[in-house]
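Structure first, then comments.
The values are calculated or read from the model by the stated rules, or taken from the named source; none is laboratory data. Keep in mind that this is a model prediction, so the values were computed, not measured. Glycine gets a Cβ as well: all are built from the backbone with ideal geometry, and neighbour counts include every protein chain shown.
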Amino acid sequence: MKLRLPFIYNENNFILGENNEEKTNVQEKKDEKLSGYYISDINLLKREFGYKTSGDVKLREFSVRINSSDIDAALFYIDGLVNKSVINNFILMPMMVHSREMKLDNINDVFSVLLPQSEAVEEDKIAELSYALNFGSAILLVNGFYGAIAIDVKGWNSKPIGEPQSEKVIRGPNDAFNEQIRSNTALIRRLIRSSNLISCEKKIGTISQTPCSVMYMKNIADDKLVNEVIRRIDNISIDYIMTSAELELYLEEKTFSSIPQFLSTERPDRTAKAILDGKVAIIVDGSPYALLMPATFYELNESTEDAYLRYPYANMMRLVRAVAFFFSMLLPGLYIAVMNFHNELLPTNLLIAIIAAKQEVPFPGFIELVFMEIALEIIREAGVRVPTPSGSTLSIVGALILGQAAVEAGIVSPVVIIVVSLAAIGSFATPNYYLGLSSRVMKFVYIFLGGFAGLPGISVGLYIHLLLWVKTTSLGTGMFAPFAPKTASDVFFGLFINPIWKRERRPDYQNPKRKYKEAKISRQWKYNK
């Protein structure tokens, strides 16, 4: 008997031994097929599907009448993933009852006559049959019929279409994605009623086989962009993936960049508009968020509601969000730099007031600022982790009580509370969650630069920071396009938006096949009187 060692001893640690035999078996199972012999195949499927071992794997054996003879048949399904009434009425009833009422000449009539389901596929590969079973199909095996039939009978409970939680709008659609991939792709197709909308189906994870859909307009999206997205997905070698957030981490180019390289959204209308502009969207089963690519810094700072607001209001909101973002990232660092090194920049009266407020504080300004920032981050994280009804209360009450108590105790000055609060509010005003996290992380870097090197330190840090951001790309598109690199697109497009009747061109940095999305004169009623 051959002895198999469970591990290999190493002088530094224990390392699990690689089981090459098991790897070979996995590859063989991937290519394994049914033999065509009923008894052998049904036993093979029992072992593969874990029948008897898994309590939710069910097997129904019966007979079907073909050419005056009773033929053995078997049906595998997973309880909880299928609609049992569909199985009873549209599979078992025709096979067991109707086959005796009609004349069936040969075994192929089982597929062409007795199964009224819209999705029934002949398959002989074990891996494909296992995937279909775990995705809500029933597997039908009939004696004399080579292979098996995978019948779509999905019937699991799913969350209904609800309202967006993180991207609410005052005036606009209120549909949101849920965790079911088919429901999400249907929401997009309901908005884009075109045969040019392609949904390329992929499976990620050798074990989980998580379905995902790459959606794009074949007459608009750049072929190189689409091929690159598909290439990256096809070359992800992992056991499992559960959400689009995990997929984003596998697809991004620069892992250590502080700026997100793709745009995630839970809104079908935003996804549809991005697809129509030439972007590629990825929908992952089990995740209520779609990934849009490529993305730029300006798109990350956009709100969904910008598309539904009038031109002056939308631009004002964009300007406010831009100021809020830089407040959240730079304001604490600028404050400590000015207070420690550049007092002459402040008006005399303001400087006297700040110094008077700091008289009772025993700590240097740098220490009290870092203390309050860390305390605020702890309160914010605690507010996220506790149950929703208590979270907002904890965040508001905790911040108010902590700030007031710290001032009354003389631990921090009121000016520091104002600076920290403005930075926190600025991060809340950033529409993209990951971009807001980026500003929160970089805020501490600029606090240290300002505290130890003043404004020159912040200037050098900001220069390096922007240099790294400019070098970051999203599927080959610069994060600061159309400014860096400069493209033919209107530079106005990056910071602000034009009136809706002047948005003729799609962003050229995406290389769309159709450059224009509306006529040069879209409001023809104004001239045709």
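The rows are residues; the columns are (1) out of contact with any helix residue (DSSP H, G or I) (no Cβ under 6 Å at 6 or more places or on another chain); (2) more than 19 Å from Gly410 (Cα to Cα); (3) assigned by TED's automatic domain parsing to the domain that holds Val407.
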residue	(1), (2), (3)
Ala322	yes, yes, yes
Phe327	no, yes, yes
Leu334	yes, yes, yes
Gln359	yes, no, yes
Leu369	no, no, yes
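For region 209-243, filtered to residues that are in a helix (DSSP H, G or I) and in contact with a Gly (Cβ under 9 Å, 6 or more places away or on another chain), the residue that is surrounded by the most Cβ atoms within 10 Å (Cβ to Cβ) is Leu225.
Considering only residues in region 239-264 that are of a type in the set (Ser, Thr, Tyr) and more than 25 Å from Leu466 (Cα to Cα), the one that is nearest to the chain's Cα centre (by Cα) turns out to be Ser244. Being more than 18 Å from the chain's Cα centre (by Cα) and under 22 Å from Arg270 (Cβ atoms) is the filter here, so list the residues in region 194-227 that pass it. If the condition is that a residue be more than 18 Å from the chain's Cα centre (by Cα) and under 22 Å from Arg270 (Cβ atoms), then Ser194, Asn196, Leu197, Ile198, Met217, Lys218, Asn219, Ile220, Ala221, Asp222, Leu225 are the ones that fit. The listed residues are Ile418, Ile425, and the only one of them that is part of a helix (DSSP H, G or I), surrounded by fewer than 22 Cβ atoms within 10 Å (Cβ to Cβ), under 30 Å from the mean Cα position of the chain (by Cα) and of a type in the set (Val, Ile, Thr) turns out to be Ile425. Selection of region 123-136 for residues being among the polar types (S, T, N, Q) and over 26 Å from the mean Cα position of the chain (by Cα) yields only Ser130.
Checked against the criterion of being crowded, with 19+ Cβ neighbours inside 10 Å and part of a loop (DSSP other than H, G, I, E, B), region 455-471 has no qualifying residue. Within region 476-498, the set of residues being assigned to a loop (DSSP other than H, G, I, E, B), at pLDDT below 85 and more than 19 Å from Val226 (Cβ to Cβ) comprises Pro482, Phe483, Pro485, Lys486, Thr487, Ala488, Ser489, Asp490, Val491, Phe496, Ile497, Asn498. In region 266-305, which residues are within 20 Å of Phe483 (Cα to Cα) and of a type outside the set (Gly, Ala, Ser)? The answer is Asp277, Lys279, Met293, Pro294, Thr296, Phe297, Tyr298, Glu299, Leu300, Asn301, Glu302.
Residue count for region 135-179 under the criterion of being modelled with pLDDT of 90 or more and under 16 Å from Asn83 (Cα atoms): the result is 8.
Any idea which residue in region 140-191 is surrounded by the most Cβ atoms within 10 Å (Cβ to Cβ), counting only those that are touching a Phe, Trp or Tyr at 6+ places or on another chain (Cβ under 6 Å) and closer than 20 Å to Tyr308 by Cβ? Per the stated criteria, the residue is Gly172.
Inside region 172-201, can you point out the residues that are out of contact with any Leu (no Cβ under 8 Å at 6 or more places or on another chain), closer than 30 Å to Tyr313 by Cα and either charged (D, E, K, R) or not in a helix (DSSP H, G or I) (or both)? Residues satisfying the conditions are Gly172, Pro173, Asn174, Ala176, Arg190. Limited to region 104-134, what total is found for residues that are surrounded by fewer than 19 Cβ atoms within 10 Å (Cβ to Cβ), in contact (Cβ under 8 Å) with a residue 24 or more places away in the chain and in a loop (DSSP other than H, G, I, E, B)? Total satisfying the criteria: 10. With the requirement that a residue be over 23 Å from Glu48 (Cβ atoms) and touching a residue at least 24 places away in the same chain (Cβ under 8 Å), what does region 203-222 give you? Listed by number, the residues that qualify are Cys212, Ser213, Val214, Met215, Tyr216, Met217, Asn219, Ile220, Ala221, Asp222.
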